[in-house]
Protein chains: 2
Amino acid sequence: MTPELLSLIAERFKVLAEPARLQILQSLRGGERTVSELAQATGLGQANLSKHLQSLYNGGFVDRRKEGLYVHYHLADRDVFRICELMCGRMEQVERSRRRALSRS
Amino acid sequence: MTPELLSLIAERFKVLAEPARLQILQSLRGGERTVSELAQATGLGQANLSKHLQSLYNGGFVDRRKEGLYVHYHLADRDVFRICELMCGRMEQVERSRRRALSRS
DNA sequence: CAACCATATGGCCACGTGGTCACACACTCA
DNA sequence: TGAGTGTGTGACCACGTGGCCATATGGTTG
């Protein structure tokens with residue numbers, strides 16, 4: 001496990017470490033969405049949204065398809081949500097240990 | 001999926017979005033380590049390391065046990081590495097699609 | 001062609017945070 | 001008790017980046 005590999009993994013996590021981007025991914029669970037549709041669904045500004053989409057695209061989490069004026073974004077794969085579910089499982093566990101810690105003190 | 005929940009998930013990811021902390025977790029795969037052992041294994045400064053350990057502890061990724069002068073840290077669970085493996089799988093896939101994109105342009 | 005629209009991009013600011021230093025705290029041992 | 005050691009913490013700086021504005025880019029329509 002080289003330092004370079006660790007940096008790569010960290011960079012992947014960094015893309016998901018942002019509520020706005022998680023919100024975008026969630027909005028894409030229903031299928032393809034254009035940037036304007038995503039803007040309305042998420043309430044994010046257009047420029048801001050565009051940058052987040054760029055991050056997600058560079059990270060390989062979403063793919064896109066241009067059609068006339070519009071750009072349609074869609075999930076690159078569904079593994080992202082497997083990761084998120086593992087995270088949610090962790091959150092429950094953290095809750096338990098937090099309560100343990102509180103009762104300890 | 002409320003905004004608050006998304007923020008919580010994002011915060012979990014943020015803890016893992018740092019090479020130094022991934023390195024610490026990896027060093028703990030072999031079992032318990034004291035802070036000084038971790039400092040030597042990772043090459044991180046002591047104060048810096050202590051803060052990273054605090055993050056990991058607050059995130060519930062590691063647990064600790066005080067014994068005399070020393071504090072022994074250990075992994076809270078092994079699911080972290082399931083998440084990392086999923087991430088690594090993603091990285092291979094990203095490689096493939098990057099090559100696709102290159103050959104497309 | 002010009003007018004218009006959807007999206008991307010560069011500049012800018014404000015905020016968060018990783019790294020380091022200095023020091024505080026906790027514990028052991030003479 | 002006081003010296004010495006391991007760990008945590010506050011202050012500080014430097015850097016990265018999310019959000020917003022203005023503008024560029026690429027495409028369509030009349």
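All of the numbers you see were taken from the coordinates with simple rules; none came from a lab. Only a predicted model underlies this, so the values are computations on that prediction, with no experimental measurement involved. Glycine also receives a Cβ, built like all others from the backbone with ideal geometry; neighbour counts cover every protein chain displayed.
Simple spin-label estimate for B:CYS88 and B:VAL71 gives 2.9 nm between the two label positions (7 Å along the Cα-to-Cβ direction from each Cα). Each residue, B:THR2 and B:SER50, gets one label point 7 Å from its Cα in the Cβ direction; the gap between the two is 3.6 nm. Shape call for the stretch A:17-72 from the C-alpha gyration tensor, a ≥ b ≥ c root eigenvalues: rounded (a/c under 1.5), prolate (a/b greater than b/c) or oblate? Verdict is rounded for the stretch A:17-72. Here the Karplus relation 6.51 cos²θ - 1.76 cosθ + 1.60, evaluated at θ = phi - 60°, turns the backbone of the stretch A:30-37 into coupling constants of x, x, 4, 9, 7, 4, 5, 4 Hz, with x for every Gly and Pro. Annotation for A:LYS51, label-to-label distances across the other copies: 2.3 nm (shortest first, one decimal, point 7 Å from Cα along Cα→Cβ). Distances between copies of B:GLN26, taken at a point 7 Å out from Cα along the Cα→Cβ vector and listed shortest first: 3.2 nm.
Please sort by residue number the trypsin sites (Lys or Arg not before Pro) in the stretch B:1-90 whose DSSP state is loop and whose Cβ has at most 16 other Cβ atoms within 10 Å.
B:ARG78
Sorted from closest to farthest, the other copies place their B:ASP77 label points 2.4 nm away, with each point set 7 Å from Cα along Cα→Cβ. Net charge in the neighbourhood of A:ARG82 (other residues with Cβ under 15 Å of its Cβ; Lys, Arg +1, Asp, Glu -1) is +2. To the nearest 0.05, how large is the calculated FRET efficiency for B:ASN58 and A:ARG78 if R₀ is 25 Å and r is the Cβ-Cβ distance? It comes to 0.25. Computed from backbone phi with θ = phi - 60° and the Karplus coefficients 6.51, -1.76 and 1.60, the 3J(HN,Hα) list for the stretch A:38-50 is 5, 4, 5, 5, 9, x, 7, x, 5, 4, 4, 4, 4 Hz; x is used for glycine and proline.
Amide H neighbours of A:VAL62 under 5 Å, at least 5 residues apart or on other chains, H built in the peptide plane: list them. Hits under the 5 Å cutoff: A:TYR57, A:ALA76.
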